[in-house]
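In what follows, a structure is listed as structure tokens, so that the remarks can point back to it.
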Amino acid sequence: MFKNYHDMKILIVEDEIELATSISNYLNCEKYICEVAYDYNSAVDKIESYNYECIILDLNLPDGSGFDIIKLLKMKQSNSGIIIISARNALNDKIEGLDLGADDYLSKPFSLSELNARLRSVIRRRNFEGQIEYKYNEIKIQPDIRKAFVNDRQLELTRKEYDLLIYLITNQRRVLSKETIIEHLWGDYMGIEADSYDALYTHIGNLRKKLQEAGAKDYIETVYAVGYKFNLDK
Ligand code: CA
């Protein structure tokens with residue numbers, strides 16, 4: 001799920017050769033793989049042929065508009081990030097760009113380290129939080145809407161059950177102590193008491209039941225005297 005930055009291809013669409021070159025050199029040093037398109041048509045050619053992690057996009061191109069490139073990307077249901085770089089510092093350009101689906105907007109002139117920071121944040125968002133769904137065998141999680149599914153059937157989970165499922169599933173194959181899970185679910189401010197164990201057993205029991213009733217395997221293993229393990233290898 002986690003990618004290395006050096007696997008990430010970036011497309012720079014910019015007709016000012018000097019600026020395009022300096023962005024490309026800078027980002028190459030940051031271990032990105034950069035390609036440059038100096039005009040609308042070559043940008044479209046590249047987008048049709050390759051997938052980019054993020055596209056750094058000038059709006060005013062000699063043979064077209066960056067806005068049309070955003071429209072094309074959205075039409076293709078591309079999941080590339082888009083950062084607009086533009087000298088047109090008009091508010092409505094910014095609004096239009098973001099409305100069309102760009103992730104961010106930088107006004108020229110900008111510092112390369114600022115661009116790099118925005119790029120990292122767009123990539124992080126798209127890879128980690130922005131991802132629409134995560135699949136673990138027959139279980140599917142949609143974190144944006146805090147919903148879980150088994151074979152596309154939605155689970156009716158309480159807030160705590162959902163949090164518990166996420167914690168177990170993102171720590172799959174690791175043994176988690178009861179105390180660790182309790183601290184994660186309720187915070188450590190209240191201390192661990194007999195009540196907390198009872199609450200945990202109840203939530204585990206309910207979650208296990210709901211998963212199985214929906215058709216999932218019994219992935220939650222009880223590790224005697226320690227805690228639990230979410231074993232996706234079953
Ligand atoms: Ca330009």
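The values are calculated or read from the model by the stated rules, or taken from the named source; none is laboratory data. Bear in mind the structure is a predicted one, so any value in this text is a computation, not a measurement. Every residue, glycine among them, receives a Cβ derived from its backbone with ideal geometry; neighbour counts consider all protein chains shown.
Data overview
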{"quantity": "Residue ID - surrounded by the most Cβ atoms within 10 Å (Cβ to Cβ), chosen from residues in region 28-44 that are closer than 8 Å to residue 12 by Cα and in contact with a Ser or Thr (Cβ under 9 Å, 6 or more places away or on another chain)", "calculated": "34"}
{"quantity": "Set 115, 185, 119: member being closer than 22 Å to residue 229 by Cα and of a type in the set (A, V, I, L, M)", "calculated": "185"}
{"quantity": "Residue, nearest to residue 120 (Cα to Cα), within region 60-78, restricted to residues that are within 16 Å of the ligand (Cβ to nearest atom) and surrounded by fewer than 21 Cβ atoms within 10 Å (Cβ to Cβ)", "calculated": "67"}
{"quantity": "Lone qualifier among 83, 95 - being hydrophobic (A, V, I, L, M, F, W, C) and either assigned to a strand (DSSP E or B) or buried (at least 20 other Cβ atoms within 10 Å of the Cβ) (or both)", "calculated": "83"}
{"quantity": "Out of 74, 46, sole residue that is charged (D, E, K, R) and either over 18 Å from the mean Cα position of the chain (by Cα) or in a loop (DSSP other than H, G, I, E, B) (or both)", "calculated": "46"}
{"quantity": "Every residue from region 150-171 that is farther than 19 Å from residue 224 by Cβ and touching a residue at least 40 places away in the same chain (Cβ under 8 Å)", "calculated": "150, 151, 153, 155, 156, 157, 158, 160, 161, 164, 165, 169"}
{"quantity": "Matching residues in region 1-20 - criterion: being at pLDDT below 50 and either of a type in the set (Gly, Ala, Ser) or part of a helix (DSSP H, G or I) (or both)", "calculated": "5, 6"}
{"quantity": "Filter pass, residue 68 being touching a Phe, Trp or Tyr at 6+ places or on another chain (Cβ under 8 Å) and not in a helix (DSSP H, G or I)", "calculated": "no"}
{"quantity": "Some residue of region 98-108 being small (Gly, Ala, Ser), modelled with pLDDT of 95 or more and surrounded by fewer than 20 Cβ atoms within 10 Å (Cβ to Cβ)", "calculated": "no"}
{"quantity": "Criterion (of a type in the set (A, V, I, L, M), in contact with a helix residue (DSSP H, G or I) (Cβ under 9 Å, 6 or more places away or on another chain) and within 16 Å of the ligand (Cβ to nearest atom)) met by exactly one of 85, 33, 17", "calculated": "85"}
{"quantity": "Strands (runs of 3 or more DSSP E) fully within region 135-234 counting 2 or more residues that are aliphatic (A, V, I, L, M)", "calculated": "139-142, 147-150, 175-177, 220-223"}
